[in-house]
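Participant: Here you go, one structure.
The values are calculated or read from the model by the stated rules, or taken from the named source; none is laboratory data. None of the values given here were measured: they were computed from a predicted structure. When we count neighbours, we look across all protein chains shown, and the Cβ atoms used for this are built from the backbone with ideal geometry, even at glycine.
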Amino acid sequence: MSDIKGKYKKILEDLENNIKDEQDLMYAKEKFMELTLIFMDIVDRLTLLTDLRIKEVEERQKEISEKINSVQSMVDEIEGDIYEDEEDYEFEIVCPYCNYQFTTDMADEEKEEIKCPKCQNVIELDWNSDDEYGCSGDCMHCHEEEQVAEEEEKYGQEEKKDKQKEEDSNEEDEDM
């Protein structure tokens, strides 16, 4: 700020040194003051607008933080629901011998095998598998994913047909 004051004084001194006629000097100083007031008004307006914008951004940031906290609370509740009863997990198993699908309470991850209730064959369990052999595709989850993928593909094809019809219609209109 002191740099601005110094430059301001320098300009006034230059005016006084270079304008010898007293009336011309007074006129130049008045116009210089008017210009200074205009610039000060512009700076004040910009400062006010900047302050308002900063306040608006801070309010939006507060709203976003509140929404994030709300979502985090929901996630925490969901995680609590999922992990609170670790002993009560049920797993869906498809027997690789007879394709019988059943659920079982598998709280003990140390268990390495289970008997199929239908065919009585022993099914080996691999808790740390990297899905080397992959899913057999017989579980409900896989069937649901297949259905969703088929529906998305069908929808995409219908959408392409609709676009093509629209383009053909537009071309016919342009030809007329």
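Participant: Taking the range 12-50 only, how many residues are more than 53 Å from the chain's Cα centre (by Cα) and either of a type outside the set (Lys, Arg) or surrounded by 10 or more Cβ atoms within 10 Å (Cβ to Cβ) (or both)?
Facilitator: Here the count works out to 19.
Participant: With loosely packed, with under 10 Cβ neighbours inside 10 Å and modelled with pLDDT under 75 as the only criterion, which of Tyr133, Tyr89 stands out?
Facilitator: Matching residue, one of Tyr133, Tyr89: Tyr133.
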